[in-house]
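The values are calculated or read from the model by the stated rules, or taken from the named source; none is laboratory data. Model, not experiment: these values are computed from the prediction. Cβ coordinates were reconstructed from backbone atoms using ideal geometry, including for glycine residues, and neighbour counts include every protein chain displayed.
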C-alpha cells in the first residue's frame with residue numbers, strides 16, 4: 001500500500017511504501033545475562049509485559065542493541081496487564097532477577113528522594129519534580145542518569161525539563177537548538193511548509209540585497225545553488241522549456257561549468273524581449289548553457305525574474321502526492337539542505353543575517369537538522385505538499401523505531417497527519433497486515449465526516465484493485481485543541497509508564 005493512495009483520496013490525483021523490517025532477536029542468552037548483571041537493587045527499569053504466570057514475569061526490554069526477553073520473579077503476585085509498558089524497581093539480582101512494579105501514586109516521592117540522596121543531589125521541590133517527571137515518563141533514575149539530567153536542568157533551566165526529558169526519551173542530542181525545536185514541535189510552530197513559503201518569497205530579496213552590497217559573486221553562488229537541480233554533465237544537452245501551467249515544469253538543463261556572475265550592463269536583447277518571468281528564466285538558462293555571462297545586477301532588479309525564481313523555488317521544494325516516494329523525499333531534503341547551507345553562508349558574509357529572512361533560514365536549518373536526527377532513529381518525516389488548489393502540511397510517522405518497523409505478527413502501523421484549508425486537520429491511522437488494511441480517519445467535524453464518507457469509495461476501490469482488503473472507520477476528533485498528533489504519538493509510543501494504583505492487583509502474603 002502506498003501513501004499516495006491515501007493522499008489521492010483527498011486530492012483526486014493519481015509514493016511512500018510502508019513496509020515491514022526484520023524483527024530483532026530477543027532471546028540471546030549472553031546479552032540477557034550481561035543486562036541482568038549490570039542491574040543494581042533499587043534501579044528502575046521499564047519494558048513491555050509479555051506474560052505473567054503466577055509470580056513469574058516475561059518482560060520485553062528495549063536496548064540500543066535491540067530487544068531482550070527477560071525472565072524475572074515478581075516480589076508480589078500481581079495481575080499485570082500484558083502488552084503494556086510498565087516501570088519496575090529492581091529488588092534482587094542474585095540467581096533470579098526479582099522485580100517490583102512501580103505505582104504512580106504510591107511511594108514515588110519516597111523513591112525519588114532515595115534516588116536523589118544516593119546520587120548526592122539535594123532533595124528539594126524542584127529535584128523531586130525532576131525525579132517524578134523521569135519516573136512518570138519511564139526514564140531511569142539511577143545515580144549516573146539522574147546526575148546527568150540534574151546537570152542538564154541546571155544548565156538549561158527548570159522550564160526546559162519537559163523538553164529535556166523528551167529529547168532524552170527519543171535518544172536525541174541535547175543542545176539549545178534541539179530544545180528549541182522540541183518546543184516548536186509540541187507547540188505547533190514547527191511546520192516546514194510555512195518556512196518554505198517564506199524562504200521562496202524572500203529569496204529574490206536576498207539576491208537583490210547581496211548585489212546592493214556589492215557582493216555579486218556571492219549572489220551568483222546562491223543562484224547557482226537554486227538552479228543546481230537543473231545542472232547536467234554535458235553542454236550538448238538541450239534546454240527544455242516550462243509547460244504552460246505555472247505549477248508544472250519540465251527540467252531545464254545547464255552546464256556544470258556555466259558562469260553565473262557577469263559584468264554590470266543592461267539586459268541582453270534576448271532577455272529584454274522575454275514576454276514574462278518564465279520566458280526570462282528560460283533565456284537566462286540558455287545563456288548559462290552556452291557559457292555566456294549573466295548580467296545578475298540587472299536581473300535582480302527585474303520583477304519578472306524575481307517572480308519566476310520565487311515560483312520555481314516553491315515548486316522545487318514541495319512534493320505533489322504522486323511524488324511522495326522515498327527517493328523523492330530524500331532528494332527534496334538533500335536539495336533543501338544544500339540551499340540552506342549556501343544561503344546561510346551568504347547571509348553570514350552580509351548585513352542580512354539579522355533580517356527576518358536570516359532568522360527564517362536559521363530556523364529552517366535547525367528544523368531540517370532536527371528532522372534528520374529524528375529520522376536516524378524513527379520513521380518520521382514532514383511532507384510539504386502541493387495539492388490541487390492549495391498547499392498542505394503533512395507528517396508521517398511509522399510506529400516503532402527504524403530497527404524494528406514491524407510487530408511480531410507482521411503488522412505495520414502508521415499515522416498520517418494532514419493540515420489542509422479545505423478539510424482542516426486530518427489524522428489517518430493505518431494498520432496493515434499482509435493484504436488486510438485497516439484505516440481510521442479522524443476529522444474536525446460532522447460536515448467533514450460526511451464529505452469523506454461520501455468519497456471513501458475512491459480510496460477503497462483503488463486499494464481493492466491493488467489486491468488489498470480494506471476496512472474503514474471515521475470519527476470526529478475528540479479535541480478541538482490544535483496539537484502535533486504525530487509528535488504526541490511518537491513520545492507516547494516510547495514511554496514506559498508506572499502503573500496506576502487503581503489497577504487491579506492481588507497481593508498475597
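The residues of segment 62-91 that are within 16 Å of residue 102 (Cα to Cα) and either in a strand (DSSP E or B) or out of contact with any strand residue (DSSP E or B) (no Cβ under 8 Å at 6 or more places or on another chain) (or both), listed by number, are 72, 73, 74, 77, 85, 86, 87, 88, 89, 90, 91.
Somewhere in segment 254-265, is a residue part of a helix (DSSP H, G or I), surrounded by 20 or more Cβ atoms within 10 Å (Cβ to Cβ) and modelled with pLDDT under 85? Within segment 254-265, none of the residues are part of a helix (DSSP H, G or I), surrounded by 20 or more Cβ atoms within 10 Å (Cβ to Cβ) and modelled with pLDDT under 85.
Checked across segment 332-352, the condition of being farther than 22 Å from residue 220 by Cβ and surrounded by fewer than 15 Cβ atoms within 10 Å (Cβ to Cβ) holds for no residue. Being assigned to a helix (DSSP H, G or I), farther than 30 Å from residue 281 by Cβ and at pLDDT below 85 is a property that does not hold for residue 150. For residue 90, the stated conditions do not hold, so it cannot be described as surrounded by fewer than 20 Cβ atoms within 10 Å (Cβ to Cβ) and farther than 26 Å from residue 170 by Cα.
Residues checked against (1) closer than 27 Å to residue 182 by Cβ; (2) in a loop (DSSP other than H, G, I, E, B); (3) not assigned by TED's automatic domain parsing to the domain that holds residue 277:
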site	(1), (2), (3)
301	no, yes, no
311	no, no, no
322	no, no, no
328	no, no, no
361	yes, no, yes
368	yes, no, yes
373	yes, no, yes
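Among the candidates 181, 194, the residue that is modelled with pLDDT of 85 or more and assigned to a helix (DSSP H, G or I) is uniquely 181.
All told, residue 431 meets the bar of being surrounded by fewer than 19 Cβ atoms within 10 Å (Cβ to Cβ), outside the structural domain of residue 100 (by TED's automatic domain parsing), part of a strand (DSSP E or B) and modelled with pLDDT of 80 or more. Per this entry, residue 487 is not counted among residues that are surrounded by 14 or more Cβ atoms within 10 Å (Cβ to Cβ), more than 30 Å from residue 79 (Cβ to Cβ), at pLDDT 85 or above and out of contact with any strand residue (DSSP E or B) (no Cβ under 6 Å at 6 or more places or on another chain). In segment 30-66, the qualifying residues are those that are under 30 Å from the mean Cα position of the chain (by Cα) and over 22 Å from residue 136 (Cα atoms), and the one that is modelled with the lowest pLDDT is 65. For segment 298-318, the set of residues classified as in contact with a helix residue (DSSP H, G or I) (Cβ under 6 Å, 6 or more places away or on another chain), crowded, with 18+ Cβ neighbours inside 10 Å and within 25 Å of residue 214 (Cβ to Cβ) consists of 299, 300, 305, 306, 308, 309, 310, 313, listed by residue number.
If the condition is being modelled with pLDDT under 85 and closer than 19 Å to residue 164 by Cα, then segment 102-131 contributes 112, 125.
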